[in-house]
Amino acid sequence: MSKQIRPYLVYADDEGNIFEDRSLWAVGRSGWEALPVPDDQWIELPSGGNLYQLPGRRAIGIDVHTGEMRLCLKGWAVAAFLPPAHTGFYLAAYETLPNAPVLPLFCYTATGWQNGKFYVPAIRIEQDIRQECKGFNQHKVRLGVREKLNAYPHNRLVKHLAENCALTYYCPAARNYFLNRWECPVPTSPACNAQCVGCISWQPEEVSIPSTQDRLTFKPTAEEIAEYTIPHLEQAPFPIVSFGQGCEGEPLLMWRTIRDAIRLIRQHTHRGSININTNGSKPEAVKALCEAGLNSIRVSMNSARKNIYEAYYRPRHYTFADIVKSLKIVKEYGGWTSINYLVFPGITDQKAEYEALCQLIEETQLDMIQWRNLNIDPDWYLKELGVDHTGDSLGIKQLMETLHNQYPQLKYGYYNPPIERIRGDFEKDFARAMPIH
Ligand code: SF4
């Protein structure tokens, strides 16, 4: 029986100090609607979560006496940024004042306060611990960086992963590589054939918010890729090498190099999984990668509906049908298929989205949904989609449960599974088997 929680609204002053307002209950947002959050959907803000003061925005709450929804005028609205492995059920509810700045590329989940703790409407959707904040010792990461830079002095990719990803962005995937464990990132592409509204690696000059990391500026060779990934696959626990990272464009634009790298890798080792995170835009390239030895694919999408997808991804020279075809091809080659489902309450749980998602799951025989939070200013996103009214949404929790009952074979998570889970007992208490050192 989940705990019944009803937290008070929180607000922030200009300095970012956060206070509770005991005259208002916290609520959530779905699309353009402010809604009460069911008491059993709140969990404590997980460790590694952050709290943001939302400039130019007044929080909405429910008056504890009248039950009416009203604004909190004591300060600015507050939202939570959920740590990896968690999916949010509701956004922060607020009224945006004129001239309020666009919010940077983070997720803005509802939050409240009760009995000395912050709460969020969310779920831990993944037991894998690979990106737990407490699992990273930065001193050991630096030692690993020194060791690898000495081992591969001429490798531009290892230098990029060291200086930019592990030591500047604190990227969990890159740090895991330097700690010789789990999923190792392989960025390859300086360019992309999509123009996502909320692209995390490139934002046009005229947009007022920055991308969260800079895009790779060179094209690695297959030899550079193989040089550091082969030892990782041979030695790391539960090893995965993953093409397609946040610090690059679209990896399928570099498919020939990736194909040659996979061939080189598989000439030396058959251990572990070779995965690609991609927008799925080039099915023929995906076919070539499967023939070379690709084990799994994760296709990113904000929606299973063509119009909603195209309004956000703004694809160049590819169509929604191409990404469906890419998923089917990997399945035909016996590979594992996931979608990186960018969740936005009020859009993701619309009835029409549920129907489109069911069609995608059935048509592609999809293996897994990785339920990720879409990192974007909610007002900006809805305006870019051309959505001026919402409502009639199922609720994200309800959507997850309905799909689970309808497709019991469909797996849920947040990360690409290692081959041990793909070919073994997927639900096995994997986390306990992952040594943290
Ligand atoms: S597919 Fe990735 S790299 Fe390309 S625009 Fe979208 S977020 Fe950016």
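The values are calculated or read from the model by the stated rules, or taken from the named source; none is laboratory data. Computed from a prediction, not measured in an experiment: that's the story for all the values here. All Cβ positions, glycine included, derive from the backbone under ideal geometry; neighbour counts span all protein chains shown. Side chains included, ligands, DNA and RNA excluded: accessible areas come from the protein's heavy atoms. Shrake-Rupley method; radii C 1.70, N 1.55, O 1.52, S 1.80 Å.
Taking the Cβ of Glu223 as the center, what net charge do the other residues with Cβ under 14 Å away carry, scoring Lys and Arg +1 and Asp and Glu -1? Once positives and negatives cancel, what remains is +2. Measuring between their Cα centroids, segment 79-96 and segment 170-194 lie 25 Å from each other. Enclosing the Cα atoms of segment 163-235 in their convex hull gives a volume equal to 112 cubic angstrom per residue. Checked against a 27 Å cut-off, the cross-linked pairs Lys328/Lys351; Lys282/Lys331; Lys148/Lys325 give Cα-Cα distances beyond that limit for Lys148/Lys325. Isolated cysteines of the chain, defined as having no other cysteine beta carbon under 4.7 Å away, are Cys72, Cys107, Cys133, Cys184, Cys192, Cys247, Cys290, Cys358.
Distance between the C-alpha centers of segment 1-59 and segment 387-411? Whole Å please. Cα centroid of segment 1-59 versus Cα centroid of segment 387-411: 22 Å apart. Normalised by the number of residues in the chain, the mean separation of alpha-carbon contacts (under 8 Å, six or more apart) gives a relative contact order of 15 percent. Altogether, the Stokes-Einstein calculation at 20 °C and 1.002 mPa s, with the Kirkwood radius of the chain over Cα pairs as Rh, returns a diffusion coefficient of 95 µm²/s.
When the surface is traced with a 1.4 Å probe over the full set of protein chains, Tyr333 keeps roughly 100 Å² accessible. Comparing Gly335, Gly67, Gly135 in a Gaussian network model of the chain (Cα springs below 10 Å), the most mobile by mean-square fluctuation is Gly67.
For Lys383, the lysines whose Cα comes closer than 19 Å to its Cα, not counting residues fewer than 8 places off in the same chain, are Lys306. Taking the chain as a Gaussian network of alpha-carbon nodes connected by springs under 10 Å, the highest mean-square fluctuation of the residues Leu73, Leu179, Leu357 belongs to Leu73.
For segment 8-124, the equivalent ellipsoid built from the Cα gyration tensor has semi-axes of 19, 17, 14 Å, listed from largest to smallest. When the Gaussian network model of the chain links Cα atoms closer than 10 Å, the mean-square fluctuations of Val241, Val120, Val102 top out at Val102. Ligands, DNA and RNA aside, Met301 has an accessible area near 0 Å² when probed at 1.4 Å.
Would you mind counting up the charge near Glu234? Only other residues with Cβ under 14 Å from its Cβ, with Lys and Arg at +1 and Asp and Glu at -1. Walk me through the numbers before you get to the answer.
Details: positive: Arg181, Arg266, Arg271; negative: Glu227.
Taking every other residue near Glu234 into account, the sum is +2.
Percent antiparallel among DSSP beta bridges with both residues in the chain, to the nearest 5? Write out the running numbers ahead of the final one.
Numbers: 37 of 64 bridges.
Here the antiparallel bridges make up roughly 60 percent for the chain.
The Cβ shell under 9 Å around Trp202 holds other residues with a net charge of 0, Lys and Arg each +1, Asp and Glu each -1. Here Lys74 is the anchor, and the lysines within straight C-alpha reach of less than 26 Å, apart from those fewer than 8 places off in the same chain, are Lys117.
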